[in-house]
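The values are calculated or read from the model by the stated rules, or taken from the named source; none is laboratory data. None of these values were measured; they are calculated from a predicted model. The area values use the complete protein model at the heavy-atom level, side chains included, leaving out ligands, DNA and RNA. Shrake-Rupley method; radii C 1.70, N 1.55, O 1.52, S 1.80 Å.
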Amino acid sequence: HPSFTKLDVVFDVGANVGQTASKLVQRISPKSIYSFEPVESTFAELQANAKLLPSVHCLNYGLSDVNANSSIHIYESSVYASTCDRTPVMSPENETFLRTETIKLKTLDKVRTELGVEKIDLLKIDTEGADLRTIRGARESLQSKSIGFIVFEFYRPSDATGSSGTLLPVDQALVSHGYRLVSFYTDYVHSDRSTGIYNALYMPEPE
């Protein structure tokens, strides 16, 4: 099982240009950070930013619930890129929408085997609404408790339409694998609609 005394191995899913990776290097200096970024142009920036960070391994694909190609919507601000048709904060109707690109997706379970990673101490997911898909692709790793802490982004607790980017479906999935909520962090609360940008932190239930 991952130990909770140190964070040696980090999976940074939806790495964007490496903001999280560089903060982690400064604060806790993990032995290995695997940064997953499927969008070509963003990946190029990530690689450039990671040049001086030897512990960061850049991988040009996303983690989801399938091993296949998919399409992703790209916006002027690369942080909003999403494989979801629409999220509570973005859709192709938005004036900042640029284009749709084909990207490669793999499941976390498959990637852990490919990379020979026995355990992940911290799994950070920021995939603009597709976080549940990433969790679904990590079934075996969650079941075997090969993942320690999990932090993911959401926009609102629940949604009548079962929309992407909500907390409750991800919570249900994690609880079903024996994980529990530890904390919430608020990035941003919208003043004019009932969404925000929040992160939730989970860890395995005590045995």
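Amide H contacts of Ser82 (H built 1.01 Å from N, in plane; Pro and chain starts excluded): His73 sit under 5 Å, all sequence-distant by 5 or more or on other chains.
Put simply, the amide H of His57, placed in the peptide plane, has neighbours under 5 Å in Ile33, Tyr34, Ser35, leaving out anything fewer than 5 places away on its chain. With all protein chains present, how much of the accessible area of the chain (probe radius 1.4 Å) comes from carbon and sulfur, to the nearest whole percent? Exposed carbon and sulfur together represent 51 percent of the surface. From the list (1) 18.5; (2) 17.2; (3) 20.6, can you say which value of Kirkwood radius over Cα pairs in Å was derived from the structure given? From the options (1) 18.5; (2) 17.2; (3) 20.6, the structure gives (2). Taking 0.36 nm per residue of separation and subtracting the current Cα-Cα distance, fully stretching the chain between His57 and Arg193 would add 45.2 nm. Length gained on full extension, Lys145 to Glu207: 21.2 nm, using 0.36 nm per residue less the C-alpha separation. In whole Hz and in residue order, list the ³J(HN,Hα) couplings for region 69-85 that follow from phi through the Karplus curve 6.51 cos²θ - 1.76 cosθ + 1.60, θ = phi - 60°; x for Gly and Pro. The phi angles translate into 7, 8, 10, 10, 8, 10, 10, 4, 8, 5, 5, 8, 3, 8, 7, 7, 4 Hz. Solvent-accessible surface of region 132-195, averaged per residue with a 1.4 angstrom probe and all protein chains in place: 52 square angstrom.
Its Cα gyration tensor gives region 158-207 an equivalent ellipsoid, and the semi-axes of that ellipsoid, as √(5λ) in whole Å with the largest first, are 24, 14, 5.
The 3J(HN,Hα) values that the Karplus relation (6.51, -1.76, 1.60; θ = phi - 60°) gives for region 52-63 are, in residue order, 8, 10, x, 7, 9, 9, 8, 10, 8, 8, x, 9 Hz. Gly and Pro appear as x. Net length available on complete extension from Gln47 to Ala68 is 5.3 nm, with 0.36 nm assigned per residue and the Cα-Cα distance removed. Cross-link candidates for Lys31: which aspartates and glutamates have Cα within less than 15 Å, leaving aside residues fewer than 8 places away along the same chain? Qualifying aspartates and glutamates at Cα under 15 Å: Asp8, Asp12, Glu118, Asp121.
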